[in-house]
Amino acid sequence: MPIQNVCILGGGGFVGQHLAALLTARGIQLRVPARRREAVKQLNVLPTVETVEADIHDPASLNRLFDGMDAVINLVGLLHESASGQHDSPQARRGSFQHAHVELPRKVVQACKAAGVPRLLHMSALGAAANSRSAYQRSKAAGEALVLQAAGELAVTVFRPSVIFGPGDSFLSLFADLLKLAPVLPLAGGNARFQPVFVGDVARAFADALDQPETHAQAYNLCGPKVYSLAELVRLTASSLDMCRVIVPLGVSPSYVFAMLMELKPGQKIMTRDNHYAMLTDNVCPDGFPPLFGKATALESVIGYLKEADPRRGYTAYRAHAGR
Ligand SMILES: NC(=O)c1ccc[n+]([C@@H]2O[C@H](COP(=O)([O-])OP(=O)(O)OC[C@H]3O[C@@H](n4cnc5c(N)ncnc54)[C@H](OP(=O)(O)O)[C@@H]3O)[C@@H](O)[C@H]2O)c1
């Protein structure tokens, strides 16, 4: 029977909102829990979405949330740990990679089994590896391994995207904001290579996989059609906004120092040493986008979304600049 009821964890985020819109358009009923109802209020306009305030780290809450679901999609993730990885206080532990990327997937697998949910789709990240220098990538590897280990009992599928672009992203949009601050942008990790993938393609891969038995017990890398250096991506961002900017890629050592300084700065994190470690390895997939999920969208064909971005988003860069 086709999947009709799906619970999305992390559904209020960038990918979650695009995926919720696509699944709603396909007539699927969604339950989207969030820590704060405010974080998912944009989803309330979608006709088949039920938003719920819940603590998804509490096993009993998870069991209740999963009751009656045909599938669970776990998108929860964070790029920067709060409190620099000092996990001794309960609050800091909650903001840690271990908590979000390892402990939560473990609880999700257990709750799926307990609530009789047969299907689980899990969001990992390209570059996830147990031996990575980046704690983000090591924790993503541990989380996806836990999910894949459950393949005997649950129909699981794991996705590993490269960096994701599209309306509402925090990657190219952040650079679009930073470019407004000065005519010259020294760029940490400027030589790092990515194969960015469109958020609409990522959402389609999740949505299509729900009912595709051949995706059970599989992990898919998701990449766009082209490889770019970070400096090329930022230049493309500038030209799409008709800005004339000089981008100066920093080498490995200056990038490390820049990342360390950014960690010391209060307020929103732009970059950490952990991001720097992740960028030392190419974030690309030689096989490109899996043909099973259709064709990947070229960045150049949609980059116009940066011009139409929410004007309030520009405050992010100003806040980061001012250390707030
Ligand atoms: N965006 C990319 O370029 C990219 C690339 C590769 C992989 N990914 C992975 O894709 C997933 C979705 O990414 P995204 O860009 O949509 O991220 P996002 O916009 O930051 O959304 C992340 C979601 O996870 C929730 N969340 C984060 N930490 C949590 C915690 N400790 N407890 C409960 N909820 C928590 C957030 O809830 P709140 O709103 O309450 O914070 C939000 O709903 C993540 O797993 C990410 O690692 C993203």
request  = Determine, yes or no, whether Val102 is more than 10 Å from the ligand (Cβ to nearest atom), at pLDDT 95 or above and crowded, with 18+ Cβ neighbours inside 10 Å.
outcome  = yes
message = Can you go through Val49, Val32, Val40 and tell me which one is more than 24 Å from His99 (Cα to Cα), within 14 Å of the ligand (Cβ to nearest atom) and surrounded by 15 or more Cβ atoms within 10 Å (Cβ to Cβ)?
response = Val49
Arg133 being of a type in the set (D, E, K, R), surrounded by fewer than 18 Cβ atoms within 10 Å (Cβ to Cβ) and either free of Cβ contacts under 8 Å to residues at least 40 places away in the same chain or closer than 24 Å to Ile3 by Cα (or both) = no
message = I'd like to verify a number: residues in region 177-210 that are of a type in the set (Val, Ile, Thr), within 24 Å of Ala238 (Cβ to Cβ) and in contact with a Gly (Cβ under 9 Å, 6 or more places away or on another chain), how many?
response = 2
query = Just checking, which of Phe171, Phe159 is within 9 Å of the ligand (Cβ to nearest atom) and surrounded by fewer than 21 Cβ atoms within 10 Å (Cβ to Cβ)?
reply = Phe171
Region 5-29 - residue that is in a loop (DSSP other than H, G, I, E, B) and more than 11 Å from the ligand (Cβ to nearest atom) and, of those, surrounded by the fewest Cβ atoms within 10 Å (Cβ to Cβ) = Gly27
remark   = In region 211-247, residues that are more than 20 Å from the chain's Cα centre (by Cα), in a helix (DSSP H, G or I), more than 30 Å from Gly27 (Cα to Cα) and not hydroxyl-bearing (Ser, Thr, Tyr) total 5
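The values are calculated or read from the model by the stated rules, or taken from the named source; none is laboratory data. Since we're looking at a predicted model, the values are computed, not measured. A quick note on method: Cβ atoms are made from the backbone with ideal geometry, for glycine too, and the neighbour counts reach across all protein chains shown.
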